[in-house]
2 protein chains.
Amino acid sequence: MSGSKREATVIELPREETQAGRFGKTRDAQSIALLDDYVELISDLLAGTGEARPTDIGRRLGVSHATAIKTIARLKREGLATSRPYRGVFLTPEGEARAALVRARHRLVVDVLLALGVPVEAAEADAEGIEHHVSETTLAAFRDFLKVQRS
Amino acid sequence: MSGSKREATVIELPREETQAGRFGKTRDAQSIALLDDYVELISDLLAGTGEARPTDIGRRLGVSHATAIKTIARLKREGLATSRPYRGVFLTPEGEARAALVRARHRLVVDVLLALGVPVEAAEADAEGIEHHVSETTLAAFRDFLKVQRS
DNA sequence: CCAAAATTGTATCCTTGGCTACACTTCGAT
DNA sequence: ATCGAAGTGTAGCCAAGGATACAATTTTGG
C-alpha cells in the first residue's frame with residue numbers, strides 16, 4: 001500500500017495534490033488507524049493486567065501473534081512503544097500520550113452515538129471504525145453538542 | 001490483505017471467530033469501502049456527463065488511471081460494472097442499486113453531522129471516511145434522530 | 001530440577017492496492 | 001487523410017498487512 005509516486009523523468013503530473021497531500025490522507029489513514037488501535041489496546045492491557053503480551057494483543061485484535069509482533073516492531077520504529085525479547089510491550093511517553101488521545105476520541109464518538117439514540121453495543125462497535133475518520137473540527141462540534149445536550 | 005487462514009493440518013485454532021466471522025469484518029470492510037467509492041463515483045459521472053472514464057475516475061479518487069482500471073476490473077468481476085475497451089464504464093443494475101444505497105448513506109451521515117453542528121466542509125470530508133463504518137442499526141438511529149429534529 | 005506446554009520470535013509466502021513504463025487506440029486538427 | 005495528443009490498456013514492480021511453519025525461550029507441573 002501507499003506506493004511511491006515520484007513523477008520520475010516523465011512529466012505526467014495530472015494530480016494537483018502534492019506528495020505530502022496524498023500521503024497522510026485517505027489511503028494512509030488506515031495505516032494510522034492500525035497503530036492507534038494497537039496503542040490503545042496496549043495501554044488498556046497495561047492498565048488492566050500490568051502487562052501487554054504479543055499473543056494477547058493478537059488475539060484481541062483478531063490477528064496472529066506473528067502479525068502482532070510485526071506491527072509492534074513498527075510501533076517501536078515510530079517511537080511509540082518499547083519491548084525486549086520475551087518481556088512484553090510497553091509504551092513510551094509519546095505512546096501513552098497517543099493512547100490517551102485515542103481513548104478520549106473513542107469515548108467522545110461513543111457518547112455522541114449514544115446521544116443520538118444508537119444502542120450501546122452498536123455504538124461501541126461502530127465507534128471503533130468511525131473514530132479514525134473524525135477530524136478535529138468535527139470532534140470540536142461533538143464536544144459542543146454534548147455540552148448543550150447536558151445542559 | 002485478508003489472508004486465507006485455513007487451520008491446515010495443525011490444530012492451533014485459538015480464535016473463536018469463524019472464518020466467515022473474520023471475513024466481512026474489520027479488515028475487509030476497507031476493501032468494500034473501496035468498491036463503494038468507485039460505484040458511487042461512477043454513478044455520479046454517468047448521471048452528470050453521461051460517461052465514466054478510467055482517467056477521470058482515477059483523478060477524482062486520487063489514484064493513477066492504471067490503478068483505476070485494475071479496480072474497475074474487480075468491479076466487473078463482482079458483477080457491479082461493465083465496460084468494453086476504450087468505451088468507458090457502466091454500472092449493472094446491481095451496481096446502480098449499490099450506488100443508490102451508498103449515496104443515501106452518505107447523505108444521511110452528512111445530514112447528521114450537520115445537525116450536530118459540524119461545518120459543511122468538514123461534514124462532507126469526514127462523512128467520506130465515516131460512512132463505510134456505520135452499521136444498519138446506527139443508520140436507523142440516525143434516521144430517527146433527524147426525524148425528531150425536523151419536527 | 002526437568003520435561004512438557006505455552007509463549008515469543010523469525011522466515012517465507014500470499015494478496016492487494018498503488019505506481020511507473022510502455023504499447024495501443026481514438027479523436028481532433030490541420 | 002494523417003499525424004500528434006490524449007486516453008486506455010498491460011506488464012512488472014513495491015510495500016504492507018496477514019498467514020503458516022518452525023525455531024527458540026520461558027513457565028509450570030510433577
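List of remarks:
- Square roots of five times the Cα gyration tensor eigenvalues for the range B:96-150, Å: 17, 15, 9
- As a fraction of the 1.4 Å probe accessible area of the range A:95-150, surface on carbon and sulfur atoms comes out at 60 percent.
- Loop-located chymotrypsin sites (Phe, Trp or Tyr not before Pro) in the range A:37-142 (DSSP state not H, G, I, E or B) with no more than 12 neighbouring Cβ atoms inside 10 Å: A:Y86.
- For B:A73, the point set 7 Å out from Cα toward Cβ sits 3.1 nm from its twins in the other copies, listed from shortest up.
- For B:T49, inter-copy label distances in nm, listed shortest first [label point 7 Å out on the Cα-Cβ vector]: 5.6
- In the assembly of identical copies, B:R143 has its label point, taken 7 Å from Cα in the direction of the beta carbon, separated from the corresponding points by 3.4 nm (ascending, one decimal).
- Heavy-atom accessible surface that B and A bury in contact, both chains counted, 1.4 Å, Å² to 100: 2400 Å²
- Here the chain A residue lying nearest the rotation axis onto B, judged by its C-beta and given with the distance in whole angstrom, is A:I130, 3.
- Value in Å of the Kirkwood radius, where the range A:46-151 supplies the Cα pairs that are averaged: 15.6 Å
- Cα pair distances in the range A:19-92, grouped into 10 Å bins until the bin that holds the longest one, percent each: 19, 52, 21, 7, 0
- Difference of contour (0.36 nm per residue) and Cα-Cα distance, B:R84 to B:A97: 2.6 nm
- Across the range A:19-92, C-alpha contacts under 8 Å between residues 6 or more apart give a mean separation that, scaled by the residue count, equals a relative contact order of 27 percent.
- Counting heavy atoms of the protein chains alone, B:E51 has an accessible area of about 80 Å² for a 1.4 Å probe.
- Computed with a 1.4 Å probe over protein heavy atoms only, the accessible surface of the range A:95-150 comes to 47 Å² per residue.
The values are calculated or read from the model by the stated rules, or taken from the named source; none is laboratory data. Being a predicted model, the structure only gives us computed values, none of them experimental. No Cβ is skipped: glycine too gets one built from the backbone with ideal geometry, and neighbour counts run over all protein chains shown. Keep in mind that these areas ignore ligands, DNA and RNA; they rest on the heavy atoms of the full protein, side chains included. Shrake-Rupley method; radii C 1.70, N 1.55, O 1.52, S 1.80 Å.
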